[in-house]
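All remarks here apply to the structure that follows.
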Amino acid sequence: VKPKVLTYAERASQCTHSVSRRLLKIMEQKKTNLVLSADVTKSKELLDLVDKTGPHICMVKTHADTLDDFCDDFVEKLKQLSNKHNFLIFEDRKFADIGNTVVHQFSGGVHRISDWADVINAHTVPGAGVVQGLQKVAQGKDIGCLLIAEMSSAGNLATGDYTQVTVKIAEENPDFVIGFICLSKLSSNPALLHMTPGVQLKEGQDALGQRYLTPQEVISNRGSDIIIVGRGIYGASDPTEAARQFQIAGYDAYLARLS
Ligand code: S5P
């Protein structure tokens, strides 16, 4: 017998972490499993893009260290947009050092990520200490962490045992880890979210090793929960219309999995 696929609302009620609960509720309310990867290099361009596509997304993903003009005012405006359109903010910093170092990378430096991000992520190559370091900083704040269990790029090493150990670290840290960056469903725990980058409306690849799957393949066939889309949206001639199309494609694929 096929196990019953739970709705976002049903899963929200089973989450102990406030961030995954909030995200699943937004997904249910706004009917979207789309995360915008806003990989543009000027803060004004990023804010304009997010304001236009805001109604279609459940979360925006940033790379703060690729912005030419990152400043506190940008953070303030991004937070205002997240309230206006009801989405979360995910800083894709991919922490990957020993616990003591990530404490400072997460809380300090120019970006002070722990002051504004709802969601962050980490590689597990250093072992569980990276999660413990990040969790120390997140103490008392509403921040959830994703572990990079699989990657979309050709030839990556996040496979096999590495992926399995990563899933184990996630399952052992439910107070902080809310899910994975991955290419397929890795855990049957309804509280753990699966988010997949490398998504376009057609399969293919770029010139630097990125590989693309479709929303249908990622959500319906591989059982992931969330699609992360960058160039498919901000590289389109009409990003708002592109976001709307990815929203529909992703949500239809989710409904197909439920039925
Ligand atoms: O395995 C990965 C993990 C991530 S977070 N592959 C990825 O592509 N990403 C990120 O997703 C990457 O850093 C980029 O910000 C985004 C994909 O962008 P796109 O333009 O290829 O859709």
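Derivation of every value follows stated rules applied to the coordinates shown; laboratory data play no part. Model, not experiment: these values are computed from the prediction. Cβ atoms come from the backbone with ideal geometry, glycine included; neighbour counts cover every protein chain shown.
For the structure I just gave you, tell me whether LEU49 is of a type in the set (A, V, I, L, M, F, W, C), closer than 24 Å to ILE219 by Cα, crowded, with 19+ Cβ neighbours inside 10 Å and touching a helix residue (DSSP H, G or I) at 6+ places or on another chain (Cβ under 9 Å). No; evaluated as a whole, the condition is false for this residue.
When only residues in the stretch 91-117 that are in contact (Cβ under 8 Å) with a residue 12 or more places away in the chain and in a loop (DSSP other than H, G, I, E, B) count, which is surrounded by the most Cβ atoms within 10 Å (Cβ to Cβ)?
Of the residues in the stretch 91-117, the ones in contact (Cβ under 8 Å) with a residue 12 or more places away in the chain are 91-103, 105-107, 110-111, 113-117.
Checking the rest, the ones that are also in a loop (DSSP other than H, G, I, E, B) come to 96-98, 110-111, 116-117.
Values: ALA96: 16, ASP97: 17, ILE98: 12, VAL110: 9, HIS111: 20, TRP116: 19, ALA117: 25.
So the residue we want is ALA117.
Restricting the stretch 208-217 to residues that are within 12 Å of the ligand (Cβ to nearest atom) and assigned to a loop (DSSP other than H, G, I, E, B), the residue that is surrounded by the fewest Cβ atoms within 10 Å (Cβ to Cβ) is LEU208. So is LYS61 within 13 Å of the ligand (Cβ to nearest atom), out of contact with any Phe, Trp or Tyr (no Cβ under 9 Å at 6 or more places or on another chain) and in contact (Cβ under 8 Å) with a residue 40 or more places away in the chain or not? No: the conditions fail for LYS61. In the stretch 183-205, the residues that are among the small types (Gly, Ala, Ser) form Cβ pairs under 8 Å with partners that are within 13 Å of the ligand (Cβ to nearest atom) and part of a loop (DSSP other than H, G, I, E, B), at six or more places apart or across chains, as follows: SER184/GLU150; SER184/SER224; GLY198/SER152; GLY198/SER153; GLY198/LEU183; GLY198/GLN210. Of the residues making up the stretch 224-259, those that are free of Cβ contacts under 8 Å to residues at least 40 places away in the same chain and not in a helix (DSSP H, G or I) number 5.
Residue count for the stretch 218-247, restricted to those that are among the acidic types (Asp, Glu) and either near the ligand (Cβ under 9 Å from one of its atoms) or closer than 25 Å to ILE120 by Cα (or both): 1.
For the stretch 22-44, what are the residues that are under 17 Å from PHE180 (Cβ atoms) and not in a strand (DSSP E or B)? Reasoning before the result, please.
Of all residues in the stretch 22-44, those under 17 Å from PHE180 (Cβ atoms) come to 23-24, 27, 33, 35, 37.
Scanning the stretch 22-44 gives LEU23, LEU24, MET27, ASN33.
None of TYR251, TYR212 is closer than 23 Å to LEU186 by Cα and in contact with a Lys or Arg (Cβ under 6 Å, 6 or more places away or on another chain) except TYR251. Residues in the stretch 147-163 that are more than 13 Å from the chain's Cα centre (by Cα) and more than 10 Å from the ligand (Cβ to nearest atom): ALA154, GLY155, LEU157, THR159, GLY160, ASP161, TYR162, THR163. With the condition kept exactly as written, say whether any residue in the stretch 162-179 is closer than 23 Å to ILE57 by Cβ and of a type outside the set (A, V, I, L, M). Looking through the stretch 162-179, at least one residue is closer than 23 Å to ILE57 by Cβ and of a type outside the set (A, V, I, L, M).
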